[in-house]
Amino acid sequence: MGWFKRLKDGIQTATRNKKEAPEGLWYKCPRCSETVTRKELRENVYKCPNCNYHERIGSQEYFDLLFDGNFEEYEADMEAVDVLQFKDLKSYKDRLKAAKKKTGLSDAIRVARGKLNRRPLIVAAMDFGFIGGSMGSVVGEKIAFAIDEARKTRTPLLIISKTGGARMMEAAFSLMQMAKTSVKLSQLAKDGVPYFSLMTDPTTGGVTASYAMLGDINLAEPEALIAFAGPRVVKETIKKELPEGFQTSEFLLEHGFLDFIVDRAELTERLSDLLHLFESAHRPN
Amino acid sequence: MVFLEFEKPLEKLYEQLEKVKEVGDDGVVDMDATIQELEGRIKQTRRDIYSNLSGWQRVQLSRHPERPYTLYYIEQMCRKFVELHGDRYYGDDKAIVGGIGNMDGQTVVIIGHQKGVNTKMRQYRNFGMANPEGYRKALRLMKLAERFGFPVISLIDTPGAFPGIEAEERGQAEAIARNLFEMAQLRVPIVCAVIGEGASGGAIGIGLGDHVMMLENTWYSVISPESCSSILWRSWDYKEKAAEALKLTAEDMHSFGIVEEIVKEPHGGAHSAPDEMAKTLKRQLKKAIAAIQEKSVDQMIEDRINKYAAIGQVTHAK
């Protein structure tokens, strides 16, 4: 019986959805399976034109979106060191090499300064493609750098999180980046320089439990997974099904952990408003 | 007595000793010489085992069911102690305890993870896995300490922050992040000691301080060896390997400059002589507090921030 059912389902799949699209030309939405051209997707700020699914994008796309492609990158050549000579099934060195080759990036975060609607802004944007956007020493050091730069020049800071959490291959060093980024943010706050945290899909683990949650303003893209413990771990722990919509941006907004959710098409405008409102920010006496 | 797997040779000797003692008690044969010899061998075997422990063996010791926990240390170290409850927002977490006490004439605020001492209590304490209200209670007590100028002592012993539905709903991540942010600028000394397990965000959530020490047979890392094995090796069977790879022992952590001090445990581990352990811990805590108090408050905070800002190693591609 089951066989026939399955066969029928297969036939019912729309042909255009089933066709293998050559990489780089077509984009198939992982949620609604609508197929559009890459160009259409880009013009719609990497959201599915059909269901508004926010495709995961990287630092370059965010810099282009926010700075109109006009920005200065800092510490672009900073790279990770395999202090622990960590080896599981693969060595960390090989993982780093493979990640660099695959992404063309030096690690899971990039820092840049530019202008958003004529107002200066420093942005640290994470790249999920680089070992799951995991936080190791480079991520911590670049965020510390961005914070010092923001303090020196009294420029607002935006951190865009997209990460699975701490980088296991740097063990205690990665754990300590939670402390490092948080102590640096406490200095930024003391100086009265605003920090906006934008959480995107996914933001989990040690990053959520440090800088992502510490924004003066906490923002998120719609329907992003935002969590301390990921849904799989929670499910294994409580051995129950998780409620619908658990750990999404909307869930966090409802529980009081976000200031608002921002559609990617409105990101520039909303940030521009914030930058305007915070322009008179200064160090309190 | 509970013997761990690697203590098997010891268990055998103890069994022999028991038997010999029984025979001796019958009074027919004089067993004193044999007893003495066995006791000597026990001492030597213990020394041999304990002078060469692997990472995984230390993890096992850190979880020893007879190991002293936070409330035991508090009781031993403070002549007077008043436990304080609640985060003032939601509830009172049982996995993090805290209060105000008198340690040799000095008023201190002590917070720490608390595990249960028997099956029932282990559940009550949620196995030392705190919910957000635990971290928020800890922060409330640290703020209280700051208001009145009392040093803060934080005792760390957790397999991790609790990964449950309600913990997520109430902002586990926010609670830990907030603590790190506030502890950075707290205007009183913070001295932390890992007394058992130091697992990940759940540990560092009360673990940021001017001086961090680890007892000799404890571990501190970003993930437990078991979870690390299951993620990176895709099987639970590589926990020993994961424990080695993570370099999570007190010795490792000290060599990386991440913790300031290793506190010696009695041969046989903290549980073999808990009162002696408590005395040593108290002495080292007092010493650390006194050293921090030599500094001005601003200097203390600057040093604390600089210490964490310096952790991490990166390179620049040519």
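The values are calculated or read from the model by the stated rules, or taken from the named source; none is laboratory data. No experiment lies behind these values; they were computed from the predicted model shown. Cβ sites come from the backbone with ideal geometry, for glycine too, and all protein chains shown count toward neighbours. Calculation scope for accessible area: heavy atoms of the full protein, side chains included, ligands and nucleic acids excluded. Shrake-Rupley method; radii C 1.70, N 1.55, O 1.52, S 1.80 Å.
Of the residues A:LEU188, A:LEU158, the single one that is open to solvent by less than 10 Å² (accessible area, probe 1.4 Å), in a helix (DSSP H, G or I) and either at pLDDT 95 or above or under 20 Å from A:ALA108 (Cα atoms) (or both) is A:LEU188. Against the test of being in contact with a helix residue (DSSP H, G or I) (Cβ under 7 Å, 6 or more places away or on another chain), under 29 Å from A:LEU105 (Cβ atoms) and without any contact (Cβ under 8 Å) to a residue 12 or more places away in the chain, the options B:ALA242, B:ALA317, B:ALA309 yield a single qualifying residue, B:ALA309.
A count restricted to region B:115-162 and to residues that are open to solvent by less than 10 Å² (accessible area, probe 1.4 Å) and among the polar types (S, T, N, Q) stands at 2. Between B:ARG79, B:ARG58, B:ARG63, B:ARG67, the distinction of being in contact (Cβ under 8 Å) with a residue 12 or more places away in the chain and more than 15 Å from the chain's Cα centre (by Cα) belongs to B:ARG79 only. Determine whether region B:174-195 contains at least one residue that is open to solvent by 10 Å² or more (accessible area, probe 1.4 Å), farther than 16 Å from B:GLN60 by Cβ, in contact with a strand residue (DSSP E or B) (Cβ under 8 Å, 6 or more places away or on another chain) and within 11 Å of another protein chain (Cβ to nearest Cβ). Looking through region B:174-195, none of the residues is open to solvent by 10 Å² or more (accessible area, probe 1.4 Å), farther than 16 Å from B:GLN60 by Cβ, in contact with a strand residue (DSSP E or B) (Cβ under 8 Å, 6 or more places away or on another chain) and within 11 Å of another protein chain (Cβ to nearest Cβ). Residues in region A:116-148 that are in a helix (DSSP H, G or I), touching a strand residue (DSSP E or B) at 6+ places or on another chain (Cβ under 8 Å) and within 14 Å of another protein chain (Cβ to nearest Cβ): A:GLY132, A:SER137, A:VAL138, A:VAL139, A:GLU141, A:LYS142, A:ILE143, A:PHE145, A:ALA146, A:ILE147.
Of the residues making up region B:41-63, at least one is open to solvent by 50 Å² or more (accessible area, probe 1.4 Å) and closer than 23 Å to B:TYR124 by Cα.
Every residue, every condition in (1) without any contact (Cβ under 8 Å) to a residue 60 or more places away in the chain; (2) away from chain B (no Cβ under 11 Å), yes or no:
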{"position": "A:GLU221", "(1), (2)": "no, yes"}
{"position": "A:LYS240", "(1), (2)": "yes, no"}
{"position": "A:GLU250", "(1), (2)": "yes, yes"}
{"position": "A:GLY256", "(1), (2)": "yes, no"}
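The single condition among (1) β-branched (Val, Ile, Thr); (2) open to solvent by less than 40 Å² (accessible area, probe 1.4 Å); (3) more than 24 Å from A:LYS190 (Cα to Cα) that A:ILE217 does not satisfy is (3). Filtered by the rule that a residue be in a loop (DSSP other than H, G, I, E, B), under 7 Å from A:SER161 (Cβ atoms) and small (Gly, Ala, Ser), region A:200-214 gives no residues. Summed over region B:297-318, the residues that are at pLDDT below 95 and closer than 13 Å to B:GLN185 by Cα give a count of 0. Restricted to region B:280-318, and to residues there that are among the polar types (S, T, N, Q), open to solvent by 40 Å² or more (accessible area, probe 1.4 Å) and assigned to a helix (DSSP H, G or I), the residue that is farthest from the other protein chains (Cβ to nearest Cβ) is B:GLN293. Scanning region A:26-73 for residues that are of a type in the set (Phe, Trp, Tyr) and either open to solvent by less than 30 Å² (accessible area, probe 1.4 Å) or part of a helix (DSSP H, G or I) (or both) gives A:TYR27, A:TYR62, A:PHE63, A:PHE67. Does B:ASP25 satisfy the condition of being outside any helix (DSSP H, G or I), farther than 14 Å from B:GLU216 by Cα and not assigned by TED's automatic domain parsing to the domain that holds B:LEU248? No; evaluated as a whole, the condition is false for this residue.
One residue stands out in region A:80-94 among those that are open to solvent by 40 Å² or more (accessible area, probe 1.4 Å) and under 19 Å from A:ASP127 (Cα atoms): the one that is nearest to the other protein chains (Cβ to nearest Cβ), namely A:VAL81. Can you tell me which of (1) at the interface with chain B (Cβ under 7 Å from one of its Cβ atoms); (2) in contact with a Phe, Trp or Tyr (Cβ under 6 Å, 6 or more places away or on another chain) is the one A:PRO194 doesn't meet? Tallying (1) at the interface with chain B (Cβ under 7 Å from one of its Cβ atoms); (2) in contact with a Phe, Trp or Tyr (Cβ under 6 Å, 6 or more places away or on another chain), A:PRO194 fails exactly one: (1). Looking only at region B:251-279, residues that are more than 20 Å from B:TYR73 (Cα to Cα), more than 12 Å from every other protein chain (Cβ to nearest Cβ) and either under 14 Å from the mean Cα position of the chain (by Cα) or aromatic (Phe, Trp, Tyr) (or both) come to 0 in all.
Inside region A:215-265, residues that are over 18 Å from the mean Cα position of the chain (by Cα) and not in a helix (DSSP H, G or I) make up a count of 10.
Restricted to region A:224-238, and to residues there that are more than 9 Å from every other protein chain (Cβ to nearest Cβ) and farther than 27 Å from B:PHE181 by Cα, the residue that is least open to solvent (accessible area, probe 1.4 Å) is A:LYS235. Sort out which residues of region B:233-250 are crowded, with 16+ Cβ neighbours inside 10 Å, assigned to a helix (DSSP H, G or I) and either within 8 Å of chain A (Cβ to nearest Cβ) or out of contact with any Gly (no Cβ under 8 Å at 6 or more places or on another chain) (or both), and write them in order of number. The answer is B:TYR238, B:LYS239, B:LYS241, B:ALA242, B:ALA245, B:LEU246, B:ALA250.
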